[in-house]
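Only one structure is covered here, and it is reproduced in the block below.
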Amino acid sequence: MDKLTVLGLESSCDDTAAAVVELTRAADGQVTGPGRVLASVVHGQTDLHAAFGGVVPELAARAHAEKLDLAVEQALSQAEVPLSAVDAIAVTSGPGLIGGVMSGVMCARGLAAGAGLPLIGVNHLAGHALTPRMTDGLEFPYLMLLVSGGHCQFLLVRGVDSFTRLGGTIDDAPGEAFDKCARLLGLEQPGGPAVEREARAGDPTAHRLPRPLLDRPGCDMSFSGLKTALLRARDGIVAQKGGLSVQDRADLCAAFQAAASDVLIEKTRRALDVAAGACGGQVPALAVAGGVAANTALRKGLQSLADARGIALVAPPLRYCTDNAAMIAWAGAERLAADLVEPQDLVPRPRWPLDRTSPSLLGSGKKGAKA
Amino acid sequence: MPDRRIIKEITLGSEAATLAFATALAPMLRAGDTLLLEGPVGAGKSFFARSVIQARLAALGRSEDVPSPTFTLVQVYDLDDVELWHCDLYRLTDPAEAYELGLDEAFDQAICLVEWPGRLGGLQPEGALRLDLRADAGEDGNPDRRIATLSGSAEWARRLETEE
């Protein structure tokens, strides 16, 4: 049994983060149990409950670079681990905003060269997908629903480097749809928590919004049309009554939330079937990650789905579901444990699909109202 | 002030008509061209942009995901001899941030489709073609009907005329 300690860096989108994570490896090379997060520092995340990770993007590469140095220093000091005691440096090398990804890779390269440590490039989505192993020690295989401001996809996770994309959104991500819903109704950003709060006082059946793509087979989703349908419902009320009452707004939020979670839940049910087919039997667990996973209605629906099949629902704590570096450090540690450290120099990849084997979505762009 | 005049205004009676319009415009765009997509949330800016991108990819015999750029601000597509940048600038707080994204270079060298171009302030490229989309249900209450207005320079008017 040995322990691997990895320093992780993440700066692929709005936040700048560094973390130190420890992985325990059994004598046979297998990862045992959950990891230990020794420190996880995130700069720039205004609200942890934000599906969207805040609304103001950090675009300046130099701002990322400055914050990275600080975050690394803080993470190492909080973990009480000197750089010399670290086994490897992991960094998000894509996908994401080029400036942020570049600064992360440059910083990690410098640290690794200076300390003579292996450098591991991690796909940001792999970081999300492997998080339940870090937090809950989940074993392969499992179905991951990644649902956030920027992402929405089903991944069948069978190994550290084995991800099969079973479906995803063909247009907007749900977190983005919630944000746009809030925008249309004059609610504050981030939209997820605002819409959920309003929806509590609303009647989800007051407006009939579409369930995009439910009438089609497969696990692909669409959320763009839902936004358009909401807009029409809103304009209908305004045309009729000259404005929106507090109750109208609550009803619209409730209807929107119901439609979005219905789609996610039904598509998750189908993805579980597809995953079972691919694994030759029920997948033992459903994991959900991303800011939208904080939505209570969605969480309830997924829980009953899992209960009905007698499988576990694993939802890592929100701080490891929104962008963070602990998941990157963990994914790096898993790669190190599995001897998947590529020797070549790390190249930033702003676009980097996790699963290269699945055909790309045809992206009909069909709007939900008619889909 | 950029030299920009209304070149044409057309009514798109259905989603299929919008798709056809985007598909017809797609091959005309070349390196250094910028299309500014204006219109409120739900007007169909993303649908239009996605249709243009898919048409260009299809012309190369490819099909790829065209995810929303709202979160990442920019999605870049490699069209073999030219890059296509699909931008959603809604989250920009200052026009200067466009430089951080590398948009100034992209405006010169790539094909750029820009949603929420108002965020660019004075940095909008002068020679850009602008497409305004607005919903107009009309008397029959058709929710998919859009009025599309193209405006741009005399050069654009000429190009759209001859290449059509």
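The requirement of being out of contact with any Lys or Arg (no Cβ under 6 Å at 6 or more places or on another chain) and either aromatic (F, W, Y) or part of a loop (DSSP other than H, G, I, E, B) (or both) is not satisfied by B:R56. Scanning the range A:98-149 for residues that are within 14 Å of chain B (Cβ to nearest Cβ) and part of a strand (DSSP E or B) returns A:L146, A:V147. In the range B:58-67, the count of residues that are small (G, A, S), in contact (Cβ under 8 Å) with a residue 24 or more places away in the chain, more than 7 Å from chain A (Cβ to nearest Cβ) and surrounded by fewer than 22 Cβ atoms within 10 Å (Cβ to Cβ) is one or more. Residues that are surrounded by fewer than 21 Cβ atoms within 10 Å (Cβ to Cβ) and either in contact with a Leu (Cβ under 9 Å, 6 or more places away or on another chain) or of a type outside the set (D, E) (or both) within the range A:259-276 comprise A:D262, A:I265, A:E266, A:R269, A:R270, A:V274, A:A276, listed in sequence order.
The single residue among A:G186, A:G167, A:G225 that is assigned to a loop (DSSP other than H, G, I, E, B) and either at pLDDT below 95 or under 16 Å from the mean Cα position of the chain (by Cα) (or both) turns out to be A:G186.
Hey, could you check the range A:82-97 for residues that are in a strand (DSSP E or B) and on the phi < 0 side of the Ramachandran plot and say which is farthest from the other protein chains (Cβ to nearest Cβ)? The residue in question is A:A88. Residues considered: A:G236, A:G225, A:G218. Of these, the only one that is closer than 26 Å to A:R165 by Cβ and surrounded by fewer than 16 Cβ atoms within 10 Å (Cβ to Cβ) is A:G218. List the pairs whose first member sits in the range A:1-28 and is in the same structural domain as A:L119 (by TED's automatic domain parsing) and more than 18 Å from A:V341 (Cα to Cα), whose second member is assigned to a loop (DSSP other than H, G, I, E, B) and of a type in the set (S, T, N, Q), and whose Cβ atoms are under 6 Å apart, counting only residues at least 6 apart or on separate chains? Listed pairs, sorted by first residue: A:D15/A:Q45; A:A17/A:N324; A:A26/A:T32.
With respect to the conditions (1) away from every other protein chain (no Cβ under 14 Å); (2) over 12 Å from the mean Cα position of the chain (by Cα); (3) crowded, with 24+ Cβ neighbours inside 10 Å; (4) over 16 Å from A:G35 (Cβ atoms), A:D172 lacks only one, and its number is (1). Residue-level check: of (1) of a type in the set (A, V, I, L, M, F, W, C); (2) buried (at least 23 other Cβ atoms within 10 Å of the Cβ); (3) more than 11 Å from chain A (Cβ to nearest Cβ), B:A49 misses just (3).
Checked against the criterion of being surrounded by 16 or more Cβ atoms within 10 Å (Cβ to Cβ) and more than 23 Å from B:G32 (Cβ to Cβ), the candidates B:R134, B:R119, B:R145 yield just one match: B:R145.
A quick yes/no check of all residues on (1) in a helix (DSSP H, G or I); (2) at pLDDT below 95; (3) charged (D, E, K, R); (4) over 25 Å from A:K3 (Cα atoms):
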position	(1), (2), (3), (4)
A:R269	yes, no, yes, yes
A:L272	yes, no, no, yes
A:A275	yes, no, no, yes
A:L286	no, no, no, yes
A:P316	no, yes, no, no
A:W330	yes, no, no, no
A:R356	no, yes, yes, yes
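For the range A:198-206, the count of residues that are touching a residue at least 24 places away in the same chain (Cβ under 8 Å) and closer than 14 Å to B:G42 by Cα is zero. For the range B:21-46, the set of residues classified as more than 13 Å from chain A (Cβ to nearest Cβ) and in a helix (DSSP H, G or I) consists of B:F21, B:A24, B:L25, B:A26, B:P27, B:M28, listed by residue number.
Take A:A63 and tell me if it is buried (at least 17 other Cβ atoms within 10 Å of the Cβ), within 14 Å of another protein chain (Cβ to nearest Cβ), in a helix (DSSP H, G or I) and at pLDDT below 75. The answer is yes for A:A63.
The values are calculated or read from the model by the stated rules, or taken from the named source; none is laboratory data. These figures come from a predicted structure and were not determined experimentally. With ideal geometry, Cβ positions are generated from the backbone for all residues, glycine too; neighbour counts draw on all protein chains shown.
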